[in-house]
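The values are calculated or read from the model by the stated rules, or taken from the named source; none is laboratory data. For clarity, every value in this text was computed on a predicted model and none was experimentally measured. Cβ sites come from the backbone with ideal geometry, for glycine too, and all protein chains shown count toward neighbours.
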Amino acid sequence: MRHCLGHDDRGQTLPIYIWLTGILLFVALAFFAFAQAASARNGAQTAADASALAAAQDARDELMDGLGLSIGEGDDWLDWLAGDKPMGGGAQGAAEALAADNDATVLVSPVEVNGYPGFRAEIETLYTVGDSIIPGTESKHAKADATAIIKPRCDLTPSSDPEKAVEFECDGGESFEIDPDDFELDDLPDGSVLFSVQLAE
């Protein structure tokens, strides 16, 4: 009798083990699927951040070119220094180069955030999340977006006259002077001194 009971117990326990093993396997595969999706999403966000920054940095270069050409041609050069002039002609191309490096495509559009010009990059990965237990992931592309802005870092000193030598005070205590009547392109500081490029919060 004892032998029969032991045999019955083992017979009843085996299906439970199989059932529990199946549940654990399903949970493990589900976690793996979520990890795949998170990895794809992180890759897309990295591409979006890099592309938005590339677009804004390219626009900053345009600002610097415009500023250098406008000094000595009237007082509207101060508008370039304030970031109030049109820019961004090369933003899409600059962003596309970074997106391609991250195996993605990008669409860039100009935006304004808290009064600062910027660029929004919308990314879609060329790769998919991959096969998983969740239906449809094998054809699902990750998407993300990011916005980068350009912020002027320098202000005119109160006594400045745009028709004469103009003194600027910049973040970090840096200062420089521009004389429109005696100006060389080499007189301009680096673009990063005049404008910061950063991701919008």
Q) Between residues in region 142-161 that are closer than 18 Å to A55 by Cα and basic (K, R) and residues that are modelled with pLDDT under 90 and assigned to a loop (DSSP other than H, G, I, E, B), which pairs lie under 8 Å by C-beta distance while being six or more apart or on different chains? A) K151/G83
Q. So, in region 172-194, of the ones that are farther than 17 Å from R60 by Cα and touching a residue at least 24 places away in the same chain (Cβ under 8 Å), which residue ends up surrounded by the most Cβ atoms within 10 Å (Cβ to Cβ)?
A. I178
Q) Do we have A142 as more than 22 Å from G66 (Cα to Cα), at pLDDT 85 or above and of a type outside the set (S, T, N, Q) here? A) no
**Q.** Total residues in region 145-181, condition assigned to a strand (DSSP E or B) and either aromatic (F, W, Y) or modelled with pLDDT under 75 (or both)
**A.** 4
Q. What are the pairs, 6+ residues apart or on separate chains, where a residue within region 67-91 that is crowded, with 18+ Cβ neighbours inside 10 Å and modelled with pLDDT of 70 or more has its Cβ under 6 Å from a residue that is of a type outside the set (A, V, I, L, M, F, W, C) and in a loop (DSSP other than H, G, I, E, B)?
A. I71/P180
Q: Filter region 125-139 down to residues that are surrounded by fewer than 17 Cβ atoms within 10 Å (Cβ to Cβ) and in a strand (DSSP E or B) and give me whichever is modelled with the lowest pLDDT.
A: T128
